[in-house]
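Presented below is the structure to which this report refers.
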Amino acid sequence: MALVAPLTFAQAREEVIRRVSALAPPPATETVLLDEAPGRVLAQDVFADRDYPPEPRSMRDGFALRAADTPGEFRILGEVRAGEPCRFVVEARQAVEIMTGATVPEGADAVVMVEHVHAADGRLRVPHPVEPGANISPRGASLRQGAAAVEAGARLTPASVAILASVGAAAIPVHVRPRVAILATGDELVEVEAAPAPWQIRNSNSRALAAQVRRAGGEPVILPPVRDSLEETVESLQQAFQHDLVLLSGGVSAGKYDLVEHALARFDAEIWFDRVLIQPGQPCVFGRAGGRFFFGLPGNPASTFVCFEIFARAALDLLSGVRRPRLPLAMAVLAEPFRHKPGLTRFLPARLDDDARVRPIPWGGSGDIRALALADCFLVAESERPVWDAGEFIRVLIPS
Ligand code: AMP
Ligand code: MG
């Protein structure tokens, strides 16, 4: 039941970002301790409480001196260690022994590494010229007092934790995680714990989606799966639309019992796309009903997985307060020739080696969960290009 002309991959992704950016309500805020901050989205700028470094700092163990005096002989005034104030002023042909992280004495404009000098009996010989500024991190070089140390809208990483810790931010204002309803549809589905009849399958999509939502910083809420019945789907959607985002699995193709779009129509849903020129995942649906965004993800496990990563995750990011969602794309070198039929952008399970060489995993189509589980990336074959030689660059999507 295609309602809208099919979009290209780029158009569909842009549509998700544009619509959610324009219509998403501002996410609520809560405070967490620094240790709980990784993966959360910062709700307010956090500012530097002082310059970083607060004083010019030596980046090496060595001797602080005036670069203009090098090469030459110096008198050693004493030493300065990390963690103590500096008592010295360096004048012509004087040097202070200095440790990594210690404050560079006034008057000195360079540090020469201990490995590059000869020191004995209070005398120092520097055989080679040293550049002014060598091995010194000037005051405020990495961050100025009052500047944003981390900006609102950033998803916090271990490195952001390091900088938040440095500026003394112990309690962190973050956005509340969006609650994401997961609703699988399909007459063939049974629960993971059940013993399926030969014509039945276990509902793996709800669990996979929950794991993807959690990894993406959302809070998954798995609803009981529904049969391919309009009434059941409508009833369950009522509950689903209580959440910030709704992910449906299955029931969006052109089959007689693909009823998801019919069920959504009961909620006066706006549907912005329901077909994208991609594989897997062509019949992917995106829209909004009752103020909530939804994705109708095709039921084949690879389709569900890929459509979440390339579309739904951007919406989840925006609902989490991320300013500009980013697709984790990189370039890799093809380990073998690759060709595909142009017309669709393809996302194919693949593996990267330690040399950034990528190899597609042989796979039996969108239902091949095993190939999906073996993959650590997806090879992204652009829709208009048919052939790549071994050794050529190709884009890869690396979800993490
Ligand atoms: P559909 O998109 O509803 O046409 O589903 C396509 C195929 O995906 C089905 O025939 C199933 O093999 C598979 N499938 C659908 N839903 C699920 C699910 N929740 N978990 C695992 N596989 C599913
Ligand atoms: Mg189905």
Out of segment 164-198, which residues are open to solvent by less than 20 Å² (accessible area, probe 1.4 Å) and more than 30 Å from Ala312 (Cα to Cα)? Val167, Ala169
Pick from Arg323, Arg339, Arg346: which is at pLDDT below 95, out of contact with any Lys or Arg (no Cβ under 9 Å at 6 or more places or on another chain), open to solvent by 10 Å² or more (accessible area, probe 1.4 Å) and more than 16 Å from ligand 2 (Cβ to nearest atom)? Arg323
Taking Glu309 as meeting all but one of (1) within 25 Å of Asp187 (Cα to Cα); (2) away from ligand 1 (no atom under 16 Å from the Cβ); (3) out of contact with any Asp or Glu (no Cβ under 8 Å at 6 or more places or on another chain); (4) not polar (S, T, N, Q), write down the number of the exception. (1)
Residue count, segment 281-320, condition at positive phi and either among the β-branched types (Val, Ile, Thr) or at pLDDT below 95 (or both), comes to 1
Taking Ala64 as the residue in question, decide whether it is surrounded by 15 or more Cβ atoms within 10 Å (Cβ to Cβ) and among the small types (Gly, Ala, Ser). yes
Of all residues in segment 163-208, count the ones that are more than 13 Å from ligand 1 (Cβ to nearest atom) and touching a residue at least 12 places away in the same chain (Cβ under 8 Å). 19
Out of (1) touching a His at 6+ places or on another chain (Cβ under 8 Å); (2) of a type outside the set (D, E, K, R); (3) free of Cβ contacts under 8 Å to residues at least 40 places away in the same chain, what's the single condition that is false for Ile361? (1)
Return the only residue of Leu352, Leu374, Leu297 being surrounded by fewer than 24 Cβ atoms within 10 Å (Cβ to Cβ), touching a residue at least 40 places away in the same chain (Cβ under 8 Å) and touching a strand residue (DSSP E or B) at 6+ places or on another chain (Cβ under 9 Å). Leu352
Considering only residues of segment 377-400 that are touching a Cys at 6+ places or on another chain (Cβ under 7 Å) and under 17 Å from Gln279 (Cβ atoms), which is surrounded by the fewest Cβ atoms within 10 Å (Cβ to Cβ)? Leu397
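Which of the strands (runs of 3 or more DSSP E) contained wholly in segment 64-163 include at least 3 residues that are within 38 Å of the chain's Cα centre (by Cα) and modelled with pLDDT of 95 or more?
Working: elements: 72-80, 94-98, 110-113, 118-120, 123-126, 148-150.
Answer list for segment 64-163: 148-150.
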So Ala211 ticks every box in (1) over 22 Å from the mean Cα position of the chain (by Cα); (2) open to solvent by 20 Å² or more (accessible area, probe 1.4 Å); (3) within 16 Å of ligand 1 (Cβ to nearest atom); (4) aliphatic (A, V, I, L, M) but one. Which box is left unticked? (1)
Tell me yes or no: at least one residue of segment 222-231 is open to solvent by less than 10 Å² (accessible area, probe 1.4 Å), within 12 Å of ligand 2 (Cβ to nearest atom) and part of a loop (DSSP other than H, G, I, E, B). no
If I ask for residues that are in a strand (DSSP E or B) and within 15 Å of Gly281 (Cα to Cα), which ones from segment 1-35 would you list? Leu7
Since Ala269 meets every condition but one in (1) under 22 Å from Ile398 (Cα atoms); (2) surrounded by fewer than 23 Cβ atoms within 10 Å (Cβ to Cβ), which condition does it not meet? (1)
Can you find a residue that is more than 16 Å from ligand 2 (Cβ to nearest atom) and touching a residue at least 24 places away in the same chain (Cβ under 8 Å) anywhere in segment 245-263? yes
When you go through (1) within 13 Å of ligand 1 (Cβ to nearest atom); (2) surrounded by fewer than 22 Cβ atoms within 10 Å (Cβ to Cβ); (3) not polar (S, T, N, Q) one by one for Pro280, which number turns out not to apply? (2)
Could you tell me whether segment 246-269 includes any residue that is touching a strand residue (DSSP E or B) at 6+ places or on another chain (Cβ under 7 Å), within 15 Å of ligand 1 (Cβ to nearest atom), of a type in the set (Ser, Thr, Tyr) and assigned to a helix (DSSP H, G or I)? no
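The values are calculated or read from the model by the stated rules, or taken from the named source; none is laboratory data. Owing to the predicted nature of the structure, the values given are computational and were not obtained by experimental measurement. Heads up, the Cβs are rebuilt from the backbone with ideal geometry, glycines too, and the neighbour counts pull from every protein chain shown. With ligands, DNA and RNA removed, areas are computed over all heavy atoms of the protein, side chains included. Shrake-Rupley method; radii C 1.70, N 1.55, O 1.52, S 1.80 Å.
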